[in-house]
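**Student:** Here it is: the structure, laid out below.
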Amino acid sequence: MSVTFEVNGQSVSVDVEPRLTLADCLRHKLRLTGTHVGCEHGVCGACTVLVDGEAVRSCLMLAVQAEGTKVTTVEGLSNDDALTPLQQAFRKHHGLQCGFCTPGFITTAHALLSEEPDCDADRVREVLSGNICRCTGYIGIVDAVLEARAAYRRADGGQS
Amino acid sequence: MKLPAFEYACPATLGEAVALLASNDDAKVVAGGQSLMPMMAFRVSQPTMLVDLRKLSDLRGIRIGEDGVRLGALVRWRDIEDDARLAQAHPLLAAAIEHVAHYQVRNRGTVGGSVAHADPAAEMPGIAMACDAEITVAGKDGTRTIAAEEFFVGALTTVLEPDEIITEVKLPHWPAGRRWGFQEFARRRGDFAMSGIALFYDVGADGKAANAHVGVIGIGEGPHRLTAVETVINGRVVDAALIVEAGVAATKAVDPQDDIHASAAYRRSLTGTLVERALEHAAAL
């Protein structure tokens, strides 16, 4: 089946089997390998992407269901040159070690901070509870997200 | 694991969706897919066709009226969370839905999907049972409305026919002043409940409780009412002594299972504690 949607601002048309998940479509068909696939059954959060601005697990969504949507992957949340404020905060607070789960944390945190730039630590922990990290112990990640709030309170959504 | 192969259809009308289900023996409805997709990944479910409801926008609304709260089948947890009217119109529903799954899943998972899936630990079937909900379904022979008590048969099992689609879940009118409590315990917020209690009662002019409804989730084959606990509450003032008595009655009323998450004895004790806490919230003690 042919499916057309937007990825990181660019329109794409892909020929997919119905059973192909959005995660695998992004990785294998579109070569956007920043989206990581961990558990493949909606538990680990590594494959989180934004669909029409909302964080979803791309392993629990079919590529064909993305028809007409705007998808943002972790690649779409990066600049070419400098780190974004969110990335910078993760670096500063050691919010990553092996990095496998990091794309899922970045996309989830971006969705949260875009909607709730004044969220408190409890809210950050609640939202990030859907993402598993086996290295850091979460404290650095939570600190990073809290620090990045300031950038999202500005009008540019933290993108500069 | 990757999903098994299937055909995919995305009908524009409810009638087309029903016709597709009726003409394919192993077709399944998909809405948010937050339960079905994992089941397919594990090969627990292997439908030959998925009928996607995403174009049926009539099923998306939350309607609040004199007769209660009507949740369209495609209403997501996120939509309930964002609807400020529900704090008044159905505070028990709003409180329970806070416990459903994690952030990303809440953006996709739907009321209709959860009720059709009928996981014994799921909040929405528990609220449907505790609140005498009515579930409206559309099939090739027309629509019918089924009481929650009749609808849920057992774990992952309902009376839904293969060609039927849930269109709406209606919760009866919630009077002002009704007392309620929702308590759930899971190791991580958003994970499956080891036990959960949804309860409410009304208070008469004499200060005594009436019309007690006590529902439990995460125990046994499906959501059910604890009538023994309701009997303890009805006709009496909810005070500290009654709350202890109700908790004890709950531990005797449930028939929990052992599994990797908790022993039966733990679940039994936990359920009693959750009844106590839910009643403390209800009575504002």
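**Student:** Return the average number of partner chain Cβ atoms within 10 angstrom of each residue Cβ along peptide A:54-64.
**Tutor:** 6
**Student:** Which value in Å is the Kirkwood Rh of the range B:1-123 over different Cα pairs?
**Tutor:** Mean inverse Cα-Cα distance, inverted, gives 15.5 Å.
**Student:** So, one more: Taking neighbour counts of Cβ atoms within 10 Å as a proxy for exposure, in what order, fewest first, do B:ARG106, B:ARG179, A:ARG134, A:ARG125 appear?
**Tutor:** Ascending number of Cβ neighbours within 10 Å: A:ARG134, A:ARG125, B:ARG179, B:ARG106.
**Student:** What is the P(r) of the protein assembly as shown, as percent of Cα-Cα pairs per 20 Å bin from 0?
**Tutor:** Result returned by the calculation: 25, 54, 21, 1.
**Student:** A further question on this structure: For the range B:130-214, what is Rg from Cα atoms divided by 2.2 N^0.38 Å, rounded to two decimals?
**Tutor:** With N residues counted in the range B:130-214, Rg over 2.2 N^0.38 Å equals 1.39.
**Student:** I would also like to ask the following. Of B:LYS2/B:LYS55; A:LYS70/B:LYS2; A:LYS29/B:LYS55, which ones are farther than 27 Å apart at the Cα?
**Tutor:** none
**Student:** Now a separate question. How big is the range B:7-52 by Rg and Dmax over its Cα atoms, in Å?
**Tutor:** Both quantities, over Cα of the range B:7-52: 10.5, 31 Å.
**Student:** Other chains' Cβ within 10 Å of A:129-139 residues: what's the mean?
**Tutor:** Mean number of neighbouring Cβ atoms from other chains: 2.
**Student:** With contacts defined as alpha carbon pairs under 8 Å and 6 or more residues apart, what's the relative contact order of chain B in percent?
**Tutor:** It rounds to 15 percent for chain B.
**Student:** Binning at 10 angstrom from zero up to the longest distance, how are the C-alpha pair distances of chain A distributed in percent?
**Tutor:** Spelled out bin by bin, chain A gives 12, 42, 34, 12, 1 percent.
**Student:** Now for a different question. How large is log10 I(q)/I(0) at q = 0.07, 0.08, 0.11 Å⁻¹ when the Debye formula is applied to the Cα atoms of chain B, each weighted equally and without solvent?
**Tutor:** Debye output, listed in q order: -0.26, -0.34, -0.63.
**Student:** Over 5 Å intervals from 0, what percent of Cα-Cα pairs in the range A:2-77 sits in each interval?
**Tutor:** For the range A:2-77, the pair-distance distribution reads 3, 19, 32, 30, 13, 2.
**Student:** Ok, one more. Hey, got the dipole for the range A:85-153? About the Cα centre, +1 on K and R Cβ, -1 on D and E Cβ, debye to the nearest 20?
**Tutor:** 300 debye
**Student:** Also: Per residue, what volume in Å³ does the convex hull of the Cα atoms of the range A:47-141 enclose?
**Tutor:** Expressed per residue, the convex hull around the Cα atoms of the range A:47-141 is 106 Å³.
**Student:** If N is the number of residues in the range B:179-283, what value comes out of its Cα radius of gyration divided by 2.2 N^0.38 Å?
**Tutor:** 1.03
**Student:** While we're on this one: Where is the GNM fluctuation largest for chain A (alpha-carbon springs, 10 angstrom cutoff): A:VAL71, A:VAL12, A:VAL142?
**Tutor:** A:VAL12
No value in this document is a laboratory result; all are computed from the given coordinates. None of these values were measured; they are calculated from a predicted model. A quick note on method: Cβ atoms are made from the backbone with ideal geometry, for glycine too, and the neighbour counts reach across all protein chains shown.
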